[in-house]
Every structure is written in structure tokens, then in C-alpha cells.
Amino acid sequence: MPGTLCIGLMSGTSIDAIDAVLCEFDEEGRPRGVLGTHSAPYPDALRLELLDLQRRPDGAITLRDFARLDGAVGDRFALAANALLRKLQVTPERICAIGSHGQTVFHDPNGISTSLQIGDPNRIAAQTGILTVSDFRRADMARGGQGAPLVPAFHHAVFAASEHARVVLNIGGIANLTILPGLHGEAASGFDTGPGNALLDEWIQRCKGEAYDRDGQWAASGQVLAPLLSACLTDPYFAAAAPKSTGRDHFNLDWLFARFPGLAACAAHDVQRTLLELSIESIGRAIELIARPGTIELFVCGGGARNARMMAGLATRLPRMQVRTTEHLGVDPAWVEASAFAWLAWQTVHGRPGNLPAVTGASRAAVLGGLYKV
């Protein structure tokens, strides 16, 4: 019988680092806890190349360059996993599997219905000596689903409270939420709400050469530009019915300039403040739309949980809810998503489904991911 330790490897739409986490599960796949973590930043040149590729889904790239990037990302993921094992002094033989999300470079659920994550899992398996599970999203999409978000299934396994409903919000480059219904007997639900940190990170990179707005300090120095905010919120994605998912191929600076042609004349710090408000307002509207009346708990994870202005803005926007991080549920908000892919690896190895059809829109639950052997 496979063991109870799995590694999760994750790099999200922010493309800032590869997160590696070692999780322990009981014999039924219930998470026992996080045993250790490691974060490995991307080299600057590789990160910029990946950001450029992600932002231009219709742009040209040679097959040679694509294959090179696939291998380079796989090598970085393998390095992150091996660094975690060395840090914890755990041998590969003790690990059941690695769940590698890979790096998303293309996501189109409504057009050609596919999603593409690079980071060759064969390289990860060969360089770590550990069975690797990857390519999680397309099994769901093959059954009519969006292929995203996938973390709600993990949120349900870890954070569901039997006595009352609660909301779990993951704020990465794109934000997604999970509604956990508690005693009401309904299925968990959720979807991508829209931009989380993606536009904020792109704008400060463009204007100040910084990777992100630490603690939202630059945004706090500006004022909300009401016409810009209104123009952004009229994007059809926000009003679209779930199931739905999105990515940086939609919400990027090209999108921003197209929606508001006068952007170049705006004060840069005011734009940053408005983009923060866009994330907060779109999240707030989504929660009000889908959460059961009386739901009072909102738990935040992902990079946005470290942004004090983001957290304060959510608390102001949702005054009837207690806004806290998943730390209050016993899981560090920085490691929830990587832990989800450790759990998905465990599910796959044991032949158990990893998607929630009520969230993704798939015709049925499915075992996700392919196995890449040593």
C-alpha cells in the first residue's frame, strides 16, 4: 500500500516562486498536517520569459523555445522538491508521490477547452526518484469542466465545518473562492472571481520595477479612480454565471489599457489603488452572490493574505463577515495551494477523484492527473 507522505509543488499565476510542501495523510487520505516547506524563487530571466508567454496566448513561440521552457521549469520543480527533502532529511523512498501543478502558460476553458501547464514531470520523477503526478486540469476539461478551480475539493476535505457554512478565499494572481455549506447538505461550490494580485503585480513591475506591492503600501498612497474602476467592473466575466475560470491571458495590462484608454494619463499610484479596489470589489460581489445568507466566516489564503490593505479592504467591504486567514484553521495561508496538490497526488495514486463537478462544471467526478514513473 502506498505511503502516507506526499509532496506538493505549486507555482501560480504570479510566477514568483515554486512552493514545495511535504504533507502527511492518514490511510483514508485525510490530511494530518504539513511537515515542512520550501520556497524556491524563479531565476529572474526565466520568470520574465514565463510572464511574457502567459500574457500573450496568441503570440508566436517556436517549438524549440517551448520545449526548452518545459524542460527548464521541470528542472526547477525537481530542484525545489530535492531541496525540501534535504531540508527535512527525508529520503525519497518514504514519499508516496509528488503532485506537481506545473506552470500555467495557457488556459482556455470556453474556446478550445484546454489548459496547458509546463514543467516536464518526467524530469521531476527522474531527478527526485519519486513517482510524479501531473497534468491535473485536462482530465476535468475532457469531461466538460473548466479545469479550474481545483483547490475547492481540498478546501472541502480540510476546512469544511460540520456546524456552519464558511467561505475560503484563495488570492493568488487570480482569486478563487469556495463555499462550504456546513450542515445544509448542499454541495460545495466555487469559481474564479477574477484578478487577485495579477494586475497589481504587473502594474508595479511596469512602473517601479518591483515584483509586488509589499503590504499594499504603494496602493495605500493613492486614491480610487472611479471611472477606471467602473470600466473594469463592466467586463462580462464578472457577471458571467458559474462555473467559470480565468487567468492572466484575460486579466493583464493589455486588457487594462483596452478597457480604459486614458490610463496613461492617470497617476500611477492612483491606478494601483484602483486595481486593489477592483480585486476587493469583485471578490466582495462574488461572495455576496453565492454565499448562503448568514455565512459569517471568510478565511483567506494565498499571497493576498499577506497584504494588509487587501485584508482590511475585504473586512470593510464585507462588514458582516469575520475576515481571517486560514492560520486560524491550522494551515499557514502561504502553503494551502501547494498542499492541495500533495492531496491531489494522494487521491490520484489511490484512484480517487480530485475534482468537484459542482465547481468545475464537469459531467462527473474524475481521477485527475497522469502518473510519471521513475
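Structure notes:
- Average Cα contact separation per residue, the range 283-336, under 8 Å, 6 or more apart, as relative contact order %: 43
- Summed residue charge, Cβ within 15 Å of VAL34's Cβ, Lys/Arg positive, Asp/Glu negative: -3
- 1.4 Å probe accessible area per residue over the range 108-251, in Å²: 36
- Whole-Å semi-axes of the range 47-110's equivalent ellipsoid (Cα gyration tensor): 30, 13, 10
- Taking Lys and Arg as +1 and Asp and Glu as -1, the other residues whose beta-carbon sits under 11 Å from that of ALA334 total -3.
- Net charge of Cβ neighbours under 9 Å - reference GLY8; Lys, Arg +1; Asp, Glu -1: -2
- Descending Cα extents along the principal axes, the range 98-171, whole Å: 45, 35, 23
- Viscosity 0.692 mPa s, temperature 37 °C, Stokes-Einstein D of the range 17-90 from Kirkwood C-alpha radius, µm²/s: 228
- When every Cα-Cα distance of the range 134-240 is counted in 10 angstrom steps from zero, the calculated P(r) takes the values 12, 31, 32, 21, 4 percent.
- Normalised convex hull volume, the range 233-302, alpha-carbon set, Å³ per residue: 121
- In units of the compact-protein estimate 2.2 N^0.38 Å, the range 249-345 shows a Cα radius of gyration of 1.28.
- What the range 315-374 shows is 45 Å² of accessible area per residue, with the surface traced by a 1.4 Å probe over protein heavy atoms.
- Using Cβ point charges alone (K and R +1, D and E -1), the dipole size of the range 187-276 about the Cα centre works out to roughly 100 debye.
- ³J(HN,Hα) computed for each position of the range 82-95 - Karplus, 6.51 cos²θ - 1.76 cosθ + 1.60, integer Hz, glycine/proline x: 5, 5, 4, 4, 5, 4, 9, 6, 10, 7, x, 4, 7, 9
- Between ASN122 and ARG285, the FRET efficiency estimated from the beta carbon spacing at R0 = 45 angstrom works out to 0.60.
- By the Stokes-Einstein formula, at 1.306 mPa s and 10 °C, the chain with its Kirkwood radius over alpha-carbon pairs has D equal to 77 µm²/s.
The values are calculated or read from the model by the stated rules, or taken from the named source; none is laboratory data. Computed from a predicted model, the values in this text were never measured in an experiment. Here the Cβ is made from the backbone with ideal geometry for all residues, glycine too, and neighbour counts use every protein chain on show. For the accessible areas, the whole protein counts, side chains as well, though only heavy atoms, and no ligand, DNA or RNA atoms are used. Shrake-Rupley method; radii C 1.70, N 1.55, O 1.52, S 1.80 Å.
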